[in-house]
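Okay, structure first, notes after.
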Amino acid sequence: MTKVGIIGASGYTGLELIKMLVQHPSFELSLLATTEGGVRIEELHPALEDVITMPVEKADAAFIAEKCELVFLALPHKASMGLAKQLFDYGIKVVDLSADYRLRQATYEAHYVAHEDPEHLDGAVYALIEYYRDALRKTSLAAGPGCYPTATLLGLLPLIPYIDTDAPIFIDAKSGVSGAGKKLSESTHFVTVNDNIFAYNPLHHRHAPEIAEKIEKIHGVKTHINFVPHLIPATRGELISIYATLKKEIDPQDFDPTEVLRKHYADDRFIRIREKPVDIKSTAGTHFCDIHAATNGRAIWINSAIDNLLRGAASQALVAANLMSGYDEGAGIPTIAYVP
């Protein structure tokens, strides 16, 4: 058994990690912590009553090192790297769910804050599982992708070789309110969200450079990403529509995007290629990413869906931890959707 801890246990992703780890065959949940501590986990999450009872400690690197071999950092950006750089001195493996280690330093600092731990950036492995599986098996630091980039990249990356990357790529993204986190704001207030849908940070959201950076890293091409996220009146789930243009040399009559996707993900058990447009309900509560694609002449539409709290955060982090620890990729990973 590998002893693991969750730092940031009070949030939604912390809760999702707890729900998976209490039944994990090879991980022992040995520590729960927040920046304040001083409560029990069932007080923070009443749904865990009679499921698990544990004290929630105040996060401290030395104490964490005594209790854990691997930790999940479910903390906001900046707070995460401040603790992570201390944990590395103790030889603790880290799976970071924040943005702190998922970008190049220049990209991160242009869209977040000054980086406190640049020396560990090059050693971080981007935990988009299907593309960095082998590297995750060898690393001590996994950087969880953003939920929007996860759903977007899984749909878009296999098709980049066929897309005209000189033309703009438009990404219409829609997410449930849980993607905004537990802290209440005016835009996540019930009165604002109920019976409503609206865009936020259109064309300027900081996940756009993350998407562009990873496309360039994997395929060696620069893209013109136009990313428009929307908040929808749902608790969880994420739906992506990507609009792009095929290369001139691609004959639309001979090009089958579904077949390209099927071949690309033939060995990836948590990717499901769909014949029809996807929906968020079919992936809610699971680690699956559902993908559909269709063309109209040289226009291509790519449609993907994930659970933003799981595949977009917590279950993707757990898969990374499984790989880092030498366990089966699917150990403890949920696969039954919340339907009806």
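The values are calculated or read from the model by the stated rules, or taken from the named source; none is laboratory data. Fair warning: this is a prediction, and the values are worked out from it, not measured in the lab. Counting neighbours? That spans all protein chains shown, and the Cβs are built from the backbone with ideal geometry, glycine included.
Filtering region 157-166 for residues that are acidic (Asp, Glu), surrounded by 16 or more Cβ atoms within 10 Å (Cβ to Cβ) and within 30 Å of Ala74 (Cα to Cα) leaves an empty set. Starting from residues that are within 21 Å of the chain's Cα centre (by Cα) and either part of a strand (DSSP E or B) or basic (Lys, Arg) (or both), keep the ones in region 2-31 and report whichever is farthest from Ser98 (Cα to Cα). By that ranking, first place goes to Phe27.
Taking the criterion of being touching a Pro at 6+ places or on another chain (Cβ under 6 Å), within 25 Å of Glu213 (Cα to Cα) and surrounded by 15 or more Cβ atoms within 10 Å (Cβ to Cβ), would at least one residue in region 263-286 satisfy it? Yes, region 263-286 has at least one match.
Checking each residue in region 129-172 for being of a type in the set (D, E, K, R) and assigned by TED's automatic domain parsing to the domain that holds Val260 picks out Asp164, Asp166, Asp172. Across region 90-116, which residue is farthest from Thr139 (Cα to Cα) among those that are of a type in the set (D, E, K, R) and surrounded by fewer than 18 Cβ atoms within 10 Å (Cβ to Cβ)? Among them, the one singled out is Glu109.
Anything in region 1-15 that is in contact with a Ser or Thr (Cβ under 8 Å, 6 or more places away or on another chain), closer than 21 Å to Gly285 by Cα and surrounded by fewer than 24 Cβ atoms within 10 Å (Cβ to Cβ)? List them, or say none. Steps first, please.
First pass over region 1-15, keeping only residues in contact with a Ser or Thr (Cβ under 8 Å, 6 or more places away or on another chain): 1-5, 7-10, 12.
Adding the requirement that they be closer than 21 Å to Gly285 by Cα leaves 8-10, 12.
Within region 1-15, Ser10, Tyr12 meet the criteria.
Test Leu323 against the stated conditions and say whether it is in contact with a Lys or Arg (Cβ under 6 Å, 6 or more places away or on another chain) and either of a type in the set (Phe, Trp, Tyr) or in a helix (DSSP H, G or I) (or both). Reasoning before the result, please.
Working: in contact with a Lys or Arg (Cβ under 6 Å, 6 or more places away or on another chain): yes; either of a type in the set (Phe, Trp, Tyr) or in a helix (DSSP H, G or I) (or both): yes.
Spelling it out, Leu323 is indeed in contact with a Lys or Arg (Cβ under 6 Å, 6 or more places away or on another chain) and either of a type in the set (Phe, Trp, Tyr) or in a helix (DSSP H, G or I) (or both).
Here is a yes/no grid of residues against (1) modelled with pLDDT under 95; (2) out of contact with any helix residue (DSSP H, G or I) (no Cβ under 6 Å at 6 or more places or on another chain); (3) on the phi < 0 side of the Ramachandran plot:
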{"residue": "Arg137", "(1), (2), (3)": "no, no, yes"}
{"residue": "Thr150", "(1), (2), (3)": "no, yes, yes"}
{"residue": "Gly155", "(1), (2), (3)": "no, yes, yes"}
{"residue": "Ala167", "(1), (2), (3)": "no, yes, yes"}
{"residue": "Ser185", "(1), (2), (3)": "yes, yes, yes"}
{"residue": "Ile197", "(1), (2), (3)": "no, yes, yes"}
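Taking the condition charged (D, E, K, R), within 20 Å of Thr152 (Cα to Cα), surrounded by 14 or more Cβ atoms within 10 Å (Cβ to Cβ) and in contact with a strand residue (DSSP E or B) (Cβ under 7 Å, 6 or more places away or on another chain), does Glu213 pass? Steps first, answer last, please.
Working: charged (D, E, K, R): yes; within 20 Å of Thr152 (Cα to Cα): yes; surrounded by 14 or more Cβ atoms within 10 Å (Cβ to Cβ): yes; in contact with a strand residue (DSSP E or B) (Cβ under 7 Å, 6 or more places away or on another chain): no.
Taking the combined requirement at face value, the residue does not satisfy it.
Scanning region 144-183 for residues that are among the aliphatic types (A, V, I, L, M) and closer than 22 Å to Lys222 by Cα gives Ala151, Leu153, Leu154, Leu156, Leu157, Leu159, Ile160, Ile163, Ala167, Ile169, Ile171, Ala173. Pairing residues of region 208-233 that are touching a residue at least 60 places away in the same chain (Cβ under 8 Å) and assigned by TED's automatic domain parsing to the domain that holds Asp279 with residues that are part of a loop (DSSP other than H, G, I, E, B) and of a type in the set (Phe, Trp, Tyr), at Cβ distances under 9 Å and at least 6 apart in sequence or on separate chains, gives Pro229/Tyr200.
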